[in-house]
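The values are calculated or read from the model by the stated rules, or taken from the named source; none is laboratory data. For clarity, every value in this text was computed on a predicted model and none was experimentally measured. Neighbour counts are summed over all protein chains in view; Cβ atoms, including those assigned to glycine, are modelled from backbone coordinates with ideal geometry. In case anyone asks, the SASA skips ligands and DNA or RNA and just uses the protein heavy atoms, side chains included. Shrake-Rupley method; radii C 1.70, N 1.55, O 1.52, S 1.80 Å.
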Amino acid sequence: MPRSSSRAAEPAAAPVPAGAALLSSGLDHLLGYLLALAEVPTTAAFRRHVGGPFGLRPVEFTLLMLLQANQRASATQVRHALRMPAPHVTTLVDRLAERGLLQRGRDPHDGRAVRITLTAEGAALAGRLQAVAAHMEDEVQAALTAAERTTLRRLLKKLAGAQPG
């Protein structure tokens, strides 16, 4: 026996002509869809300014910037900051260490802990990347006012800190 629905059937939309832009009104309320759209120019700018010229992936760039800001970090701190499983952190650190950009060492206060720091080459690169990133961010956010940029960052930080459930 068919179930009855309390929702009235919506009339079918007319087909979109070939070559015309698709309607996105069924998706415009979805944050994930809007974030995915915003990611396209952001990723393109990253590749143009950082990925291509410096041969870095976004997560590698992020780790270099974190170490520049904090001077050193434990693998656990990196795992939490990047929200990555420990084996992925190990692979990430290995890749950047092989490039001579960071190094591992024993923490002098806790011999069991590994301390990750930038090498001189890594620190120099991080300094250059900071200037490049500022230009890249200005390009990506050119359509936003200063107040909108601040609001966007504040809201994204709030969402990033939200716990599931």
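General remarks:
- Which numbered condition Arg104 misses (of (1) within 16 Å of Ala131 (Cα to Cα); (2) outside any loop (DSSP other than H, G, I, E, B)): (1)
- Residues that are of a type outside the set (S, T, N, Q) and open to solvent by 80 Å² or more (accessible area, probe 1.4 Å) within the stretch 88-107 comprise His88, Glu98, Arg99, Arg104, Arg106, listed in sequence order.
- Hey, Pro85 in contact with a helix residue (DSSP H, G or I) (Cβ under 8 Å, 6 or more places away or on another chain) and loosely packed, with under 13 Cβ neighbours inside 10 Å or not: yes
- For the stretch 108-136, a residue qualifies if it is open to solvent by less than 80 Å² (accessible area, probe 1.4 Å), without any contact (Cβ under 8 Å) to a residue 60 or more places away in the chain and either farther than 21 Å from Val93 by Cβ or in a helix (DSSP H, G or I) (or both), and the qualifying residues are Gly122, Ala123, Ala124, Gly127, Ala131, Ala134.
- Hits in the stretch 57-78 (condition: open to solvent by less than 80 Å² (accessible area, probe 1.4 Å), within 15 Å of Val114 (Cα to Cα) and either in a helix (DSSP H, G or I) or of a type in the set (Ser, Thr, Tyr) (or both)): Leu67, Ser74, Ala75, Thr76, Val78
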